[in-house]
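To keep things clear, I will list the structure first and then write my remarks on it.
The values are calculated or read from the model by the stated rules, or taken from the named source; none is laboratory data. The structure presented is a predicted model; accordingly, all values stated were derived computationally and were not measured. Positions of Cβ are backbone-derived with ideal geometry, glycine not excepted, and every protein chain shown enters the neighbour counts. Ligands, DNA and RNA are excluded from the accessible area calculation, which covers all protein heavy atoms including side chains. Shrake-Rupley method; radii C 1.70, N 1.55, O 1.52, S 1.80 Å.
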Amino acid sequence: MEITVYKNRIILLSIFLVSMFMFLWWRIKVHTIDEAYKLSVWADSQYTDKVEVSDLNYLLFDQNGKQLLQYKNKYYAVIDTASFLKNNMDTKTDDLYALIYILRNYNNTYDLSNIGLNGTTKKITYEIDEITYNKLQNIKGVKGFYIYSASNVDRSEAWKIENLISNIRNPSNNNLKNNDSLEMQIYDKTKNNEYPIIRFDKDIDGNVSTGQFINPRNNLNVRLTLDKNIQDKIKEILNSNKYRAHAQIGVVLVESNSGKILSMTQKDDSLPNVNIGSATQNGFEPGSIFKVIVEETGIDKKSISLNQKYSSQQSVYKMDKKDYGTLNVEEAFIVSSNNIFAQIGDKVGVKNFIEKAQSQGLFNKVLNLDSEVKGDYVMPQAPGEGAGQLAIGQSMRITPIQAVSIANTVVNNGIYVKPYIIEAFVNNDNEVKEIVKTEQHTAINKTTANILKNQMIKVVRQGTGIAANISNIEVGGKTGTSTRIDGKNKTSDGWFVGFFKVKNKYYSMVVFVKDIDTENEQASNTAVPIFKDVVQSLYVYLQK
């Protein structure tokens with residue numbers, strides 16, 4: 001009897017277990033097979049969409065923490081096709097018609113009536129304008145639809161220095177820049193940064209939340225040595241009616257003792273950057289500003305005597321338009337006699353003054369920007385041949401960013417301080433994460449530097465640079481008017497490289513005026529007045 005009861009229990013338990021197994025199998029089948037499509041729709045209907053709202057993943061600050069780049073907004077409308085088609089059965093027809101009409105009115109190819117006809121359920125992004133964007137902001141009830149705006153760097157002035165630095169593509173051909181360029185070095189530093197985004201959350205009914213802006217907090221940003229206030233003041237001068245006759249002017253301003261570039265400005269930033277010689281045959285002939293280098297070399301090498309007299313009229317060199325008579329080195333420097341400095345160049349020696357120029361950054365890239373040129377010179381083929389042309393800054397090419405060091409080395413007592421433009425890498429609060437320093441070395445003797453400094457002051461007080469003279473401000477400099485042949489075209493350029501003093505602090509500056517009137521214009525009446533205007537405009541600001 002007990003055995004029979006036991007067997008019956010075993011049978012009942014087995015039946016129960018089999019029944020439970022069958023029930024569980026049926027539930028799994030319903031959920032994984034019969035309801036698979038429904039579950040996939042639910043899954044597809046819930047997501048987070050993250051949209052990048054800038055084409056640059058770092059900030060570019062000036063030395064005062066101001067953002068240097070200008071941005072322009074772009075506007076977009078997004079249709080999540082699957083959600084739009086499945087979740088708008090109960091949406092007000094007025095809202096749907098308004099959306100369809102507004103998009104099609106902006107662009108007739110933005111036709112929502114064709115959505116889904118090709119079988120695709122991919123998300124569609126339409127670029128729109130600001131007016132359309134503002135109209136679409138009033139549409140609230142449509143499912144699977146949202147709008148957003150993004151701020152991209154305004155690169156319409158492609159050759160502006162801040163646009164050049166922050167762009168990894170060449171403005172001329174859109175090719176990627178060289179790997180060793182300054183721009184690509186910045187890219188390597190910042191490539192792991194996150195982009196600012198707007199986050200959109202969508203629920204299972206296709207409702208899209210208002211976008212949430214998320215700004216990355218751990219990015220590495222770039223702080224330049226530039227001062228935006230100074231940049232803007234100089235730009236205003238260059239674009240003033242006073243200088244309307246000149247299509248392109250370049251100005252580089254440096255804090256002398258540190259080498260920090262406070263401004264790299266040019267009149268027309270839609271044209272290749274003249275300050276670094278972009279799109280040129282290795283830059284521009286410097287003309288008589290190179291005489292500073294020649295005289296420095298002669299004094300340092302003791303190959304010339306400051307007391308020796310030279311005649312501007314002799315049989316070898318006939319480049320002056322007037323007879324300056326007999327002058328010593330300083331007098332020839334102040335009036336800028338080509339005939340005399342050609343003779344001095346012969347005594348100093350081409351190899352010697354070229355080496356001196358190279359020690360001050362000439363004939364080499366300064367900032368290592370992708371489109372920056374190195375400069376060049378034509379070495380004489382025989383002893384004594386061509387020295388005169390080189391000594392007066394012809395048969396060679398340099399850039400304004402190189403030329404500013406001619407004055408800078410003089411006021412730094414013979415120390416060459418390489419100009420630089422990246423001050424530091426910083427966080428979003430402009431706190432330093434990595435400081436950047438420049439290099440410096442002795443280029444000329446201190447005594448030599450003082451001699452040239454005094455002569456450059458005399459150039460402004462009584463010589464070719466007198467238009468830069470400002471009472472109660474120490475100003476010195478050297479003019480240069482050069483002849484340049486690009487292809488079949490012959491033209492002239494005006495230079496003025498100099499320094500000025502504010503509150504016991506020196507600033508060095510070069511002004512370059514491209515394509516001046518060969519017959520009626522010289523550096524003295526083109527570049528020099530601009531130099532003076534810039535100094536007067538900045539004087540109060542630099543005193544603070």
> Do you know which residues across segment 405-429 are of a type outside the set (A, V, I, L, M, F, W, C), under 20 Å from VAL502 (Cα atoms) and not in a loop (DSSP other than H, G, I, E, B)?
Replying inline: SER405, ASN408, THR409
> In segment 273-288, which residues are over 16 Å from the mean Cα position of the chain (by Cα) and buried (at least 21 other Cβ atoms within 10 Å of the Cβ)?
Replying inline: GLY283, PHE284, GLU285, PRO286, GLY287, SER288
>> With the structure loaded, tell me whether LEU390 is outside any helix (DSSP H, G or I) and either touching a residue at least 24 places away in the same chain (Cβ under 8 Å) or open to solvent by 40 Å² or more (accessible area, probe 1.4 Å) (or both) or whether it fails that test.
In response: no
> Taking LYS260, is it open to solvent by 60 Å² or more (accessible area, probe 1.4 Å), farther than 14 Å from PHE512 by Cβ, in contact with a Ser or Thr (Cβ under 7 Å, 6 or more places away or on another chain) and not hydroxyl-bearing (Ser, Thr, Tyr)?
Replying inline: no
>> Exactly one condition in (1) buried (at least 19 other Cβ atoms within 10 Å of the Cβ); (2) part of a loop (DSSP other than H, G, I, E, B); (3) within 14 Å of the chain's Cα centre (by Cα) is false for SER270; which is it?
In response: (1)
> In segment 378-406, which residues are at pLDDT 95 or above, touching a Leu at 6+ places or on another chain (Cβ under 9 Å) and not β-branched (Val, Ile, Thr)?
Replying inline: MET396, GLN402, ALA403, SER405
>> Given the options LYS437, LYS433, name the one that is open to solvent by 40 Å² or more (accessible area, probe 1.4 Å), without any contact (Cβ under 8 Å) to a residue 60 or more places away in the chain and not acidic (Asp, Glu).
In response: LYS437
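Here is a yes/no grid of residues against (1) of a type in the set (S, T, N, Q); (2) touching a residue at least 24 places away in the same chain (Cβ under 8 Å); (3) in a loop (DSSP other than H, G, I, E, B):
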residue	(1), (2), (3)
MET184	no, yes, no
TYR187	no, no, no
TYR195	no, yes, yes
ILE198	no, yes, no
ASN229	yes, yes, no
LYS233	no, yes, no
>> Anything in segment 133-153 that is touching a strand residue (DSSP E or B) at 6+ places or on another chain (Cβ under 7 Å) and among the β-branched types (Val, Ile, Thr)? List them, or say none.
In response: ILE147, VAL153
>> Being open to solvent by less than 80 Å² (accessible area, probe 1.4 Å) and of a type in the set (D, E, K, R) narrows it down to one residue among GLU130, GLU157, GLU194; which is it?
In response: GLU157
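Determine if segment 430-444 includes at least one residue that is under 18 Å from GLY345 (Cβ atoms) and in a helix (DSSP H, G or I). Working first, answer last.
Just the residues of segment 430-444 that are under 18 Å from GLY345 (Cβ atoms), to begin with: 444.
If we keep only those that are in a helix (DSSP H, G or I) too, we end up with none.
No, there is no match, as no residue in segment 430-444 is under 18 Å from GLY345 (Cβ atoms) and in a helix (DSSP H, G or I).
Give the residue, chosen from VAL41, VAL30, VAL18, VAL51, that is farther than 30 Å from ILE230 by Cβ, modelled with pLDDT of 75 or more and open to solvent by less than 90 Å² (accessible area, probe 1.4 Å).
Working: VAL41 fails: modelled with pLDDT of 75 or more; VAL30 fails: modelled with pLDDT of 75 or more; VAL18 fails: modelled with pLDDT of 75 or more.
Checking each option against the conditions leaves just VAL51.
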>> For segment 338-360, which positions are hydrophobic (A, V, I, L, M, F, W, C) and either closer than 14 Å to ASP300 by Cα or in contact with a strand residue (DSSP E or B) (Cβ under 6 Å, 6 or more places away or on another chain) (or both)?
In response: ILE340, ILE344, VAL348, PHE353, ILE354, ALA357
>> Just checking, does segment 223-235 include any residue being more than 18 Å from LEU68 (Cβ to Cβ), among the hydroxyl-bearing types (Ser, Thr, Tyr) and modelled with pLDDT of 95 or more?
In response: no
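Could you say whether any residue in segment 134-154 is within 30 Å of ILE234 (Cβ to Cβ), modelled with pLDDT of 95 or more, open to solvent by 20 Å² or more (accessible area, probe 1.4 Å) and of a type outside the set (Gly, Ala, Ser)?
The answer is yes; a qualifying residue exists.
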> helices (runs of 4 or more DSSP H) wholly in segment 312-370 with at least 3 residues that are surrounded by fewer than 17 Cβ atoms within 10 Å (Cβ to Cβ) and in contact with a helix residue (DSSP H, G or I) (Cβ under 7 Å, 6 or more places away or on another chain) - which ones?
Replying inline: none
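Matching residues to (1) closer than 11 Å to VAL142 by Cα; (2) open to solvent by 90 Å² or more (accessible area, probe 1.4 Å):
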site: ILE79; (1), (2): yes, no
site: ALA82; (1), (2): no, no
site: ASN88; (1), (2): yes, no
site: LEU96; (1), (2): yes, no
site: LEU99; (1), (2): yes, no
site: LEU103; (1), (2): no, no
site: SER113; (1), (2): no, no
site: LYS123; (1), (2): no, yes
> Going through segment 211-255 one residue at a time, which ones are β-branched (Val, Ile, Thr) and open to solvent by less than 10 Å² (accessible area, probe 1.4 Å)?
Replying inline: VAL222, THR225, ILE230, ILE234, ILE249, VAL251, VAL252, VAL254
> Out of (1) out of contact with any helix residue (DSSP H, G or I) (no Cβ under 9 Å at 6 or more places or on another chain); (2) in a loop (DSSP other than H, G, I, E, B), the odd one out for MET379 is which?
Replying inline: (1)
